[in-house]
Amino acid sequence: MKQSELFSKTNKSTPKDEESVNAQLLIRGGYIDKLLAGIYSYLPLGFRTCKKIEEIIREEINAVGGQEIFMPSMHPKENWEKTDRWNNLDVLVKIGLGEEKNMALAPTHEEVVAPLAKKIIESYKDLPKAVYHFQNKFRGEKRAKSGILRLREFIMKDLYSFHSSQDDLDKYYDQVANAYKNIFERVGIGEKTYFTYASGGTFSKYSHEFQAETEAGEDTIYICEKCHIAINKEIIEDLKYACPQCGNVNLRETKAVEVGNIFKLGTKYSAPFNLAYKDRNGEDRPIIMGCYGIGPQRLMGTIVEIFHDEKGIIWPEAVAPFKVYLIGFGKNAIVAEELYQKLMSEKIEVLFDDREVSAGEKFADADLLGLPYRVIISEKSIAAGGLELKKRNETESRIISFDELLGMLK
């Protein structure tokens, strides 16, 4: 992609109405554009990053047997009345197709997936099953001030599993927990993300969250460094300020962002819809459910909060919109164009800054956008018979050959 053709522009000034680092840097870099508080457009760079995160999630969820589907965002009122959430969920956004509000814009999808499963699952032979989707969610957030960490409209990956027994749910729950650990490792925040004990378990003592350590977080967690797990502040007194796995009481308090959660739902949402299966004796048994969520956009914002400096974003390679930021100046622009074409033919993702702007502006934008590798075609590099390479997370550049660059990028 040539930067002169990109449907976005960088901005030198920090948005005055944004408090969070993630929103400030993503807006300045032309990754996102703010429409309203908690509602953003994702421009080409931001969309590419979101899609890379989404694909990593998809691969790991497919690996544990998830089947991708797509469910609507508009839900009938009666479904939410059956689960007693029409009047009891304060973030529910209600709209009307007629004179009264008779539809919900979904913040979650239990009210759709349970009756959907009822049409498909009949006997024990149909179990277990797991389905997921990526879909827009809507929540009436009153405190949408943390950039893309707390949104009013956002994409969520929902995975729902259906089981014939608690034991079967427990086994699958652990598989998904491991898949989530793989996801956070692959997007670059594995060391900063903790499997966290939380309140809110429906049919088990606890639910579990995945919390990423950052000062931008709204949650407080207590970390056991021995086990690499954490406890949410909401339940720390129940555990007597001790690690539930090893009993360690020397826990470290810190701020964190919830980047994923998993719940054992039991029959909370299957019962209202009479979701059941016939066992080997032909008797009806309730289906036990689990649900598992990750928000790609919130994850994107968390990555920015963790990986940035005073100059801009520092993307982990797996989620960067492009791998290389290519710069050429003046008469060297022709050589840069040739290199751009070579990299493209090798399937290397490259953003070529072909704009007629100053060297200082190009360098500043390279740091702001935060692509992993900056490659410069300059008098210095040409004289040395190579390319000038600088990694975004390093301070020094070096001269390397094209073959060395290709080997590194591949």
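Suppose each label sits 7 Å from its Cα in the direction of the beta carbon; what would the residue 143-residue 401 distance come out to in nanometres?
Spacing of the two 7 Å Cα→Cβ label points: 5.8 nm.
Excluding same-chain residues fewer than 8 positions from residue 390, which lysines have a Cα within less than 21 Å of its Cα?
Filter leaves 2, 311, 323, 342, 347, 362, 380, 410.
Residue 172: net charge of surrounding residues, Cβ under 11 Å, Lys/Arg +1, Asp/Glu -1, itself excluded?
-1
Answer with one residue from 200, 10, 296: the one whose Cα lies farthest towards the positive end of the charge dipole of segment 3-309, charges on Cβ with Lys, Arg +1 and Asp, Glu -1.
About the Cα centre, the residue reaching furthest to the positive side is 10.
Using the Kirkwood formula over every pair of different C-alpha atoms, what hydrodynamic radius in Å results for segment 238-372?
20.6 Å
Taking the square root of 5 times each eigenvalue of the Cα gyration tensor, what semi-axes in Å does the equivalent ellipsoid of segment 324-409 have, largest first?
16, 15, 14
Within segment 304-334, find all residues whose amide N lies under 12 Å from a label point positioned 7 Å from the Cα of residue 391 along Cα-to-beta-carbon.
In segment 304-334, the label zone of residue 391 (backbone N under 12 Å from the point 7 Å along Cα→Cβ) covers 316-317.
Taking residue 77 as the anchor, which lysines have their alpha carbon closer than 19 Å to its alpha carbon, excluding any fewer than eight residues away along the same chain?
94, 101, 118, 137, 268
Compute the whole-percent fraction of alpha carbon pairs in segment 3-309 spaced more than 29 Å apart.
Above the 29 Å cut-off, segment 3-309 has 40 percent of its Cα pairs.
Take the Cα of residue 129, step 7 Å along the line toward its Cβ, and report every residue of segment 42-81 whose backbone nitrogen sits under 16 Å from that point.
Under 16 Å, as judged by backbone N against the label point of residue 129, lie 65-72 of segment 42-81.
Only helical DSSP H runs with n ≥ 4 go in: add -39500 (n - 2.57) per run for the chain, normalise by residue count and round the 222 nm mean residue ellipticity to 500 deg cm²/dmol.
Here the helix-only value at 222 nm equals -8500 deg cm²/dmol.
Under the definition of Cα pairs under 8 Å and six or more residues apart, what whole-number percent is the relative contact order of the chain?
Averaging sequence separation for qualifying contacts and normalising by length gives 16 percent for the chain.
Considering only the other residues whose Cβ falls under 13 Å of the Cβ of residue 236, what net charge follows from Lys and Arg at +1 and Asp and Glu at -1?
Within the 13 Å Cβ shell, the charges total -2.
Using Cα atoms only, what is the angle between the long axis of helix 333-345 and the major principal axis of the chain, expressed in degrees (0 to 90) to the nearest 10?
40 degrees
How far apart, in nm, are two points set 7 Å out from the Cα along the Cα-to-Cβ line at residue 345 and at residue 238?
So the two model labels end up 6.2 nm from each other.
May I ask you to list the aspartates and glutamates whose Cα is less than 16 Å away from that of residue 192, ignoring any residue fewer than eight positions away on the same chain?
By straight Cα distance, residue 192 reaches 209, 213, 215, 218, 219, 225, 253, 258, 305.
Just so you know, all these numbers are worked out from the coordinates, no wet-lab data involved. None of these values were measured; they are calculated from a predicted model. In this analysis, Cβ positions are derived from the backbone assuming ideal geometry, glycine residues included, and neighbour counts consider all displayed protein chains.
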